[in-house]
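Below is one structure, written out as structure tokens; comments come after it.
The values are calculated or read from the model by the stated rules, or taken from the named source; none is laboratory data. The structure displayed is predicted, hence computed values, not measured ones. Backbone-built Cβ (ideal geometry, glycine too); neighbour counts: all protein chains shown.
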Amino acid sequence: MKLACALLATMLGMGCGIDTAAPGAPGAGSDPGAGGGSNPGTGSDPIPVPGSGPVTEVSGPITANTTWMDTIHITGDVVINAGVTVTVAPGTVVNVTSPFGITVSGTLAIQGTKASKVTFQPADVGTFWPHIMVPSGGALTASYLVQTGSGLSTSNSGKITLVDTQLSHAGGDLLTMSGGTLDMSYSGIGLASGRDTTHCNMHVSGGVHLKVTHSNISAAAYGVMFYGGVNADFTYDNWFGNTTDVDTEVAYPVTGDFSYSYFAKGAPTNPGITATNMVTSPVADAGPR
């Protein structure tokens, strides 16, 4: 049932199950979201980032290498064709009109900087847009990306690499994987306090490859629904404000190392999980720098 729900979540950006728990607090100790990175905010709608410069409307297939800059307005479904690279320049604001989304069969290279982040956000405040889909052969790389109102999904051999990136305010599960590779470091999924709109920060199943280190996983009903993956690396992370940090199922055996991490509610003890040398206060070297 949960695997079927994961597939629906991947296609529609929906959550799995219904969370009836009250919003959780981040737990004792200093705020893990304040360790030198950008503040991911609270549970209210994110404040839109104004674009600058010319506005370029984009829709349909992209068949040649191109660079997005200034303000991009997605007005229809976008497909980055295989073999094609779309580079997103520092400071670019990408406004996506629901119900349109982006499929990356080629490469989407988001090149923000600490001083000039890239923003992907809903064109209309309070709306959600479909996940950025990275299927077989596709690759998404992002540095200093701030994304709200949607999520990311991989399947087959799709690959996502995130560094110094902040994701929040999805309409359901935020980062879903039915296959592929995720390499995330110095990033955050969720909020510094309160409860995000996101149901599950990460929902993974199947033959996935996972490395999530030096990151904050927070403020959702589930930190990770861990239903696929062997030798996953979840070290040096902060987990706080989630109703359930790590959920596993006996029917879907997994193995993962959560050592050297901070769990506001205590370290996970699920089958297949290694959790040694845990810390009792938030990891300072985690989250966007």
Would you point out the residue of the stretch 245-279, among those that are polar (S, T, N, Q) and without any contact (Cβ under 8 Å) to a residue 24 or more places away in the chain, that is surrounded by the most Cβ atoms within 10 Å (Cβ to Cβ)? Thr274
Scanning the stretch 151-174 for residues that are touching a strand residue (DSSP E or B) at 6+ places or on another chain (Cβ under 7 Å), in a loop (DSSP other than H, G, I, E, B) and not acidic (Asp, Glu), the one nearest to Met184 (Cα to Cα) turns out to be Thr165
Quick check on this structure: which one of Ala220, Ala192, Ala267 is within 27 Å of Pro46 (Cβ to Cβ), at pLDDT 95 or above and assigned to a loop (DSSP other than H, G, I, E, B)? Ala220
I'm told Thr235 meets every condition in (1) β-branched (Val, Ile, Thr); (2) under 25 Å from Lys114 (Cα atoms); (3) part of a strand (DSSP E or B) except one. Can you identify the failing condition by its number? (3)
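Quickly run through the stretch 77-117 and pick out the residues that are farther than 21 Å from Thr154 by Cα and either hydrophobic (A, V, I, L, M, F, W, C) or out of contact with any Lys or Arg (no Cβ under 8 Å at 6 or more places or on another chain) (or both).
First, the residues of the stretch 77-117 that are farther than 21 Å from Thr154 by Cα: 89-93, 95, 97, 112-117.
Within the stretch 77-117, Ala89, Thr92, Val93, Asn95, Thr97, Gly112, Thr113, Ala115, Ser116, Lys117 meet the criteria.
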Look at Gly179 and say whether it is within 18 Å of Gly287 (Cα to Cα) and surrounded by fewer than 24 Cβ atoms within 10 Å (Cβ to Cβ). no
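Answer yes or no as to whether Pro99 is within 18 Å of Asn65 (Cα to Cα) and outside any strand (DSSP E or B).
On the way: within 18 Å of Asn65 (Cα to Cα): no; outside any strand (DSSP E or B): yes.
The answer is no for Pro99.
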Residue list for the stretch 109-136, filter: part of a strand (DSSP E or B) and under 15 Å from the mean Cα position of the chain (by Cα): Ile110, Val118, Thr119, Phe120, Gln121, Ile132, Met133, Val134
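Identify, please: which residue in the stretch 137-150 is polar (S, T, N, Q) and part of a strand (DSSP E or B) and is, among those, surrounded by the most Cβ atoms within 10 Å (Cβ to Cβ)? Working first, answer last.
We begin by selecting, within the stretch 137-150, every residue polar (S, T, N, Q); these are 141, 143, 147-148, 150.
From what's left, part of a strand (DSSP E or B): 141, 143, 147-148.
Details: Thr141: 17, Ser143: 21, Gln147: 26, Thr148: 24.
Going through the qualifying residues, I end up with Gln147.
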One residue is enough: does the stretch 214-232 have a residue meeting the conditions surrounded by 24 or more Cβ atoms within 10 Å (Cβ to Cβ), farther than 25 Å from Met133 by Cβ and of a type in the set (Phe, Trp, Tyr)? no
